[in-house]
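> My questions will all concern the structure given below.
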Amino acid sequence: MAVTPVAQIVSVGVAGGAADEQVATVAAALARAGLPAASRVFIEDDEAALERALRADVSLTIVLADPGGSAGEIVRRAVAGTANVRLDDHRASLPRGAALWKVADAEPAWALEAGSRAFVVLPLGGSLERTLEAHLGPFVRARLAGRGLALRVLRVVGVGLSAIDGRLADWRGPAGPAGEIEVSAVPAEGEVWVRLRARGATPAAAAETLASAEGKISALLGDDCYSCDDESLERVVGQLLAARRLTLAVAESCTGGLLGHRLTNVPGSSMYFERGVVVYSNRAKEELLGVPAAVLRAHGAVSGPCAEAMASGICRASGSDCGLAITGIAGPEGGTPAKPVGTVFIGLAVRGAVTSRRFQFAGDRASVKWQSAQMALDMLRRRLLSDGPPGAESPRPVLDPPR
């Protein structure tokens with residue numbers, strides 16, 4: 001059976017929180033190395049389920065698991081069984097032929113090549129980025145050496161999958177004079193990824209085909225495309241703020257600090273991120289941000305006027321150029337016919353100009369929170385882009401005092 005030159009990431013035994021962040025880190029490293037992650041799979045500590053996942057027709061499977069306990073044993077047995085090799089009792093019970101990937105002061109990872117397939121097992125926990133840089137990147141590039149294959153992922157936000165499919169109608173399936181380029185669009189949490197895969201007689205020919213197609217497809221996506229490959233939305237927003245020498249502060253209610261976490265997860269964010277507050281109660285909104293009690297009585301905490309007052313208030317309290325505010329109903333309870341679960345208002349203040357938008361998100365509580373932070377970042381991104389290049393900003397007005 002032919003093996004597709006893409007990767008999959010399998011997380012064993014844990015999900016959510018730090019584990020999800022590590023999956024995203026691995027996916028970004030794969031994209032940088034030229035081998036995109038076609039799928040991300042979570043399974044329990046179930047050996048049969050893991051064996052089924054390992055049989056997928058992909059060239060590389062990355063397994064993230066706790067190296068100790070039952071998960072570690074299950075992973076070692078399943079990989080050995082899939083590769084049809086025995087466990088080597090003299091080498092920490094690793095499959096025979098496995099290569100140990102060591103980094104200082106960290107649990108080692110290991111890799112096993114089995115013909116056209118390869119398996120890499122990464123331990124959950126610290127030092128992951130050092131392992132990816134020292135071992136996974138070179139490993140992937142060596143396996144791709146000599147192949148006429150080039151890959152790119154364009155990230156789109158603020159537009160649904162069906163709309164993107166419509167724009168890419170002429171590119172769906174194999175395209176080009178000899179089918180050298182394949183374009184696909186897949187949904188991600190709060191965004192869409194457009195994957196470009198180019199083939200050629202040589203790597204250079206594939207790269208040339210990719211560059212030509214990327215320019216045309218990027219024109220179709222316009223400003224809805226915020227980055228390519230592994231650049232996150234919060235990193236792109238940070239770059240825009242830094243280039244314009246603007247500062248940002250955030251006020252969060254239903255997201256509970258998620259927006260601030262994402263922004264400060266970017267190295268160097270202290271250059272532009274000033275502060276963030278979580279104002280969950282009406283009292284906190286009034287006391288910390290100066291949201292007028294009259295606004296809360298007339299419109300409620302989940303409203304455009306409240307979101308705008310929160311955005312203005314955090315700018316005023318921090319002296320920041322930009323303010324983002326989120327208030328909504330993340331669920332699963334608390335909705336009303338007028339404001340059902342998933343109703344979120346996002347306020348944005350930039351140099352005194354304040355606006356807000358209403359959104360209706362689907363999904364569970366975690367999904368609503370993530371989409372809320374995603375759209376807040378995108379609102380700021382689009383507003384900064386509308387100002388033109390750095391240096392084109394208008395003078396900063398003085399914010400009105402609270403009324």
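We did not get these values from a lab; they are worked out from the coordinates using the rules stated. These numbers come from a predicted model, not from an experiment. Don't worry about glycine lacking a Cβ; one is built from the backbone with ideal geometry, like all the others, and counts go over all protein chains shown.
> Tell me which of Ile346, Pro332, Val236 sits at the most positive position along the dipole axis of segment 234-386, charges placed on C-beta atoms (Lys, Arg +1; Asp, Glu -1).
Result: Val236, furthest along the dipole toward the positive end.
> So if the hydrodynamic radius of segment 67-109 is defined as the Kirkwood radius over C-alpha pairs, what does Stokes-Einstein give as its diffusion coefficient at 20 °C and 1.002 mPa s, in µm² per second?
Details: Rh = 10.9 Å.
Roughly 196 µm²/s, to the nearest whole number.
> Here's a follow-up. Using amide H atoms built 1.01 Å from N in the peptide plane, name the residues 5+ places from Gly276, or on other chains, whose amide H lies under 5 Å from its own.
Those lying under 5 Å, H to H, from Gly276 are Val250.
> Report Rg(Cα)/(2.2 N^0.38 Å) for the chain, keeping two decimals.
Details: Rg = 23.9 Å, N = 403, 2.2 N^0.38 = 21.5 Å.
It is 1.11.
> Between Asp170 and Ser367, with labels modelled 7 Å along Cα→Cβ, what's the label distance in nm to one decimal, could you check?
3.4
> Which value at 222 nm does the chain reach when only helices count, each DSSP H run of 4 or more adding -39,500 (n - 2.57), with the total divided by all residues and rounded to the nearest 500 deg cm²/dmol?
Working: 13 runs with 148 residues, N = 403.
Rounded to the nearest 500, it is -11000 deg cm²/dmol.
> When we measure straight from the Cα of Lys285, which lysines land under 23 angstrom away, once same-chain ones fewer than 8 places off are left out?
Leaving aside lysines fewer than 8 places away in the same chain, those within reach of Lys285 are Lys339, Lys369.
> Under 20 Å Cα to Cα from Lys102, which aspartates and glutamates show up? Leave out anything in the same chain fewer than 8 places away.
Asp66, Glu73, Asp88, Asp89, Glu113, Glu129, Glu133
> Apply the Karplus parameterisation 6.51 cos²θ - 1.76 cosθ + 1.60, with θ equal to phi minus 60°, to every residue of segment 158-171 and state each ³J(HN,Hα) to the nearest whole Hz, in sequence, with x for glycine and proline.
x, 9, x, 4, 5, 5, 5, 4, x, 5, 9, 3, 6, 10
> Normalised by the residues of the chain, what does the relative contact order come to in percent, with Cα pairs under 8 Å and at least six apart? Working shown, then result.
Values: 776 pairs, mean separation 43.3, N = 403.
After rounding, I find 11 percent.
> If each residue's Cβ is checked for other Cβ atoms within 10 Å, how do Arg365, Arg381 rank with the fewest at the top? Walk me through the numbers on the way to the answer.
Values: Arg365 15, Arg381 22.
Going from sparsest to densest Cβ surroundings: Arg365, Arg381.
> A follow-up question, please. Need one number: the % of Cα-Cα pairs in segment 4-144 sitting beyond the 23 Å mark.
Numbers: 2388 of 9870 pairs.
Summing the P(r) of segment 4-144 above 23 Å gives 24 percent of all pairs.
> Expressed in whole Å with the largest first, what are the equivalent ellipsoid semi-axes of segment 149-228 derived from the C-alpha gyration tensor as the square root of 5 times each eigenvalue?
Values: eigenvalues 97, 29, 21 Å².
So the equivalent ellipsoid measures 22, 12, 10 Å along its semi-axes.
> On to the next question. Using a 7 Å offset from the Cα along the Cα-to-Cβ direction at both Arg275 and Cys228, what is the distance between the two label points in nm, to one decimal?
4.1
> Length gain on complete extension for the stretch Ser162 to Arg32, per 0.36 nm per residue less the alpha carbon to alpha carbon distance?
Working: separation 130, 0.36 × 130 = 46.80 nm, distance 2.74 nm.
So the extension gain works out to 44.1 nm.
> When Leu241, Leu248 are ordered from fewest to most other Cβ atoms inside 10 Å of their Cβ, what list results? The partial results should precede the final answer.
Numbers: Leu241 22, Leu248 25.
With the sparsest Cβ surroundings first, the list reads Leu241, Leu248.
> On to the next question. Run the dipole for segment 64-172 about the Cα centre, Lys and Arg Cβ at +1, Asp and Glu Cβ at -1, nothing else charged, and hand back the magnitude in debye, nearest 20.
Values: 15 positive and 11 negative charges, 93 e Å.
Magnitude of the dipole: close to 440 debye.
> Now, a different point. To the nearest 0.05, what FRET efficiency results for Arg245 and Asn84 with a Förster distance of 51 Å applied to their C-beta separation?
Details: r = 59 Å, r/R0 = 1.16.
The calculated FRET efficiency here is 0.30.
> With the chain treated as a Gaussian network of Cα nodes joined by springs under 10 Å, which of Val159, Val121, Val194 yields the largest mean-square fluctuation?
It is Val159.
> At 7 Å along the Cα-to-beta-carbon direction for both Ala56 and Thr336, put a label point, then send me their distance in nm to one decimal.
For the pair Ala56/Thr336, the computed spacing is 4.5 nm.
> Have a look at Thr82, Trp101, Leu60 and report the one farthest towards the positive end of the charge dipole of segment 56-107, computed about the Cα centre with Cβ charges (Lys/Arg +1, Asp/Glu -1).
The listed residue farthest towards the positive side: Thr82.
> Moving to a separate point now. If eta is 1.002 mPa s and T is 20 °C, what Stokes-Einstein diffusion coefficient results for segment 234-386, Kirkwood Rh from Cα pairs, in µm²/s? All intermediate terms of the calculation are to be shown ahead of the outcome.
Values: Rh = 15.0 Å.
Roughly 143 µm²/s, to the nearest whole number.
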